[in-house]
Amino acid sequence: MPEFDGWLRAPREGEQLEFKEAKNSYDETKLFGYCVALANEGGGKMILGVTDRKPRRVVGSQAFRNTNDIKSKILDKLRFRVDAEVLAHPDGRVLIFHIPPRPPGTAYHLDGAYLMRSGESLVPMSPDRLRAIFEEGKPDWLSRPARTGVSADEVTSFLDTQSFFEMLKLPYPAQRKGVLERLESEKLIARDGGGYAISNLGALLFAKRLEDFDGLARKAPRVIVYEGKGKLITRLDKPRTNGYAVDFVSLIDFIHTQTQPNEVVGRALRRQIKMYPEIAIRELVANALIHQDFNETGTSVMIELYSDRIEISNPGKPSIQPERFIDEYQSRNEKLADLMRRFGICEEKGSGVDKVIDSAEAYQLPAPDFRVGEKRTTVVLFSHIEFDKMDRNDRVRACYQHSCLRYVMNERMTNQSLRERFKLPDKKSESVTRIIKDTMTADLIKLDDPESTSKRYAKYIPFWA
């Protein structure tokens, strides 16, 4: 029962939970579909007899009274076993289907449809997602060769090996053999007959010219500067040509020089600085490079600068929910992330987004917006907007991110801390109270102490805390 109570309190239906009222009955075909979708998403619980919207209530379900019969039907139809458990709750009968995860490299289907969930619906899995599943267990994209039959001389011709040793703060070997052995130990090259193969990882990080490797020029980050707020007039379109590690510092400097100035009000004076914090640009670009889906073809990391914002996007959907970027970390490309960390380009402990949000607050900018599309993940950094011109979404997003930032710093958000985030005087406390209320209504924050009756001294934490 305690575990079930925890499911009821879950902030939202995630990858592991699906609630349905099903008071009297439930469609068998829909049940089969959800079993397939949940298994494809890593397994989970299909729970009948509970409302799916918060606050969730047990209403009881009379569906599938014969649990052995429905388990047998699922096995016959789907060819995998699902357990069914009846929970005698005081408010009614609850039926829980325990759905196992699919085996690695395998996707389940219902009558030929490989299903996944999207909001309240079941939808076919995208070709890219299916391809990624079928590729599980095989060498990943970064391990595959970018160029084969390369001589020892050509390795140092194609790759900037000098930068490799400088970034690791190692002396450059006196003999070429030492260079090749170190590159091989890092999986940047591999033996290939009498010569070498340069891996996608090696070429992507240290290529002197990405166009020397088939298809890798399309993986180069692209910087586009527009006139105004839209894409009608392009002032500059500059794809990069070198490997990520070789080019990173130059890339960040170039982006930073293209941004507009911002006037920040200090305690006693105004000062002109760049609109966007360099650390935010650095962290977001590094994250985009590291977390991109390399199996997506014909697309790359893009940094688009508008008069009122910067959009930094990468191919692929994230492996965690955007709301959890600040407190969780899961790298799509572990070897790339490890090397980028050792080169000092990024941190692998998940603090990058913390720094982005903290610097946005320090620069008095709106909260960054994390957006997930069908094939891309985008982060938007907005230029300065006065508080009175922020819309409800801007304010709620800032409130949630501020609560996350305070929580990971072992502190709690209060009305006062949020007023300080917006640089508002005490007389604006009612406005901040409304923002907090709106953010609670959106199920993004909650009271740190639900038993407290004090509004003035109330403290708040993120929904996941």
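Within the range 296-306, does at least one residue satisfy the condition of being more than 28 Å from Tyr363 (Cα to Cα), in contact with a Pro (Cβ under 7 Å, 6 or more places away or on another chain) and of a type in the set (Val, Ile, Thr)?
Taking every residue of the range 296-306 in turn, at least one turns out to be more than 28 Å from Tyr363 (Cα to Cα), in contact with a Pro (Cβ under 7 Å, 6 or more places away or on another chain) and of a type in the set (Val, Ile, Thr).
Pro322: assigned by TED's automatic domain parsing to the domain that holds Leu236, in contact with a Phe, Trp or Tyr (Cβ under 6 Å, 6 or more places away or on another chain) and under 16 Å from Gly373 (Cα atoms), yes or no?
yes
If Lys177 satisfies every condition in (1) of a type outside the set (A, V, I, L, M, F, W, C); (2) in contact (Cβ under 8 Å) with a residue 12 or more places away in the chain; (3) outside the structural domain of His109 (by TED's automatic domain parsing) but one, which is the exception?
Only one criterion in (1) of a type outside the set (A, V, I, L, M, F, W, C); (2) in contact (Cβ under 8 Å) with a residue 12 or more places away in the chain; (3) outside the structural domain of His109 (by TED's automatic domain parsing) is unmet by Lys177, namely (2).
Every residue, every condition in (1) surrounded by fewer than 18 Cβ atoms within 10 Å (Cβ to Cβ); (2) outside the structural domain of Pro366 (by TED's automatic domain parsing); (3) closer than 21 Å to Asp128 by Cβ, yes or no:
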site	(1), (2), (3)
Met275	no, no, no
Glu283	no, no, no
Ala286	no, no, no
Gln292	no, no, yes
Ser300	no, no, yes
Ile326	no, no, no
Glu334	yes, no, yes
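Just name the residue that is modelled with the lowest pLDDT out of those in the range 413-463 that are crowded, with 18+ Cβ neighbours inside 10 Å and among the aromatic types (Phe, Trp, Tyr).
Here the residue is Phe463.
Going through Ala84, Ala37 one at a time, which residue ends up being in the same structural domain as Met125 (by TED's automatic domain parsing), of a type in the set (Gly, Ala, Ser) and touching a residue at least 40 places away in the same chain (Cβ under 8 Å)?
Ala37
So the check is Cβ under 6 Å with 6+ separation or different chains; which pairs have a first residue in the range 229-255 that's touching a residue at least 24 places away in the same chain (Cβ under 8 Å) and aromatic (Phe, Trp, Tyr) and a second one that's outside any helix (DSSP H, G or I) and surrounded by 11 or more Cβ atoms within 10 Å (Cβ to Cβ)?
Every condition considered, the pairs that remain are Phe248/Ile345.
So, Arg117, is that one surrounded by 15 or more Cβ atoms within 10 Å (Cβ to Cβ), more than 17 Å from Tyr26 (Cβ to Cβ), touching a helix residue (DSSP H, G or I) at 6+ places or on another chain (Cβ under 7 Å) and touching a residue at least 12 places away in the same chain (Cβ under 8 Å) or not?
It is false that Arg117 is surrounded by 15 or more Cβ atoms within 10 Å (Cβ to Cβ), more than 17 Å from Tyr26 (Cβ to Cβ), touching a helix residue (DSSP H, G or I) at 6+ places or on another chain (Cβ under 7 Å) and touching a residue at least 12 places away in the same chain (Cβ under 8 Å).
Among the residues of the range 447-465, write down those that are touching a helix residue (DSSP H, G or I) at 6+ places or on another chain (Cβ under 7 Å) and under 22 Å from Ser431 (Cα atoms).
Hits for the range 447-465 are Tyr460, Ile461, Pro462.
Go through the range 190-265 and tell me which strands (runs of 3 or more DSSP E), entirely inside it, have 3 or more residues that are over 27 Å from the mean Cα position of the chain (by Cα).
Where strands (runs of 3 or more DSSP E) fall fully within the range 190-265 and carry at least 3 residues being over 27 Å from the mean Cα position of the chain (by Cα), they are 195-199, 233-239, 261-265.
Would you mind listing the helices (runs of 4 or more DSSP H) fully within the range 113-177 where at least 1 residues are over 23 Å from the mean Cα position of the chain (by Cα)?
Fully inside the range 113-177 and qualifying: 152-158, 161-167.
Could you check, for the range 136-148, whether at least one of its residues is of a type in the set (Val, Ile, Thr) and under 29 Å from Asp338 (Cβ atoms)?
Yes.
From Leu31, Leu38, Leu78, which residue is under 21 Å from Thr106 (Cα atoms), surrounded by 14 or more Cβ atoms within 10 Å (Cβ to Cβ) and under 25 Å from the mean Cα position of the chain (by Cα)?
Leu38
Considering only helices (runs of 4 or more DSSP H) fully contained in the range 356-465, which possess at least 3 residues that are β-branched (Val, Ile, Thr), in contact (Cβ under 8 Å) with a residue 24 or more places away in the chain and outside the structural domain of Glu304 (by TED's automatic domain parsing)?
429-441
Kindly indicate whether any position in the range 377-394 is aliphatic (A, V, I, L, M) and over 14 Å from Ile281 (Cα atoms).
yes
The values are calculated or read from the model by the stated rules, or taken from the named source; none is laboratory data. On a predicted model such as this, the values are computed, not experimentally measured, just so you know. Please note: Cβ atoms are built from the backbone with ideal geometry, for glycine as well, and neighbour counts cover all protein chains shown.
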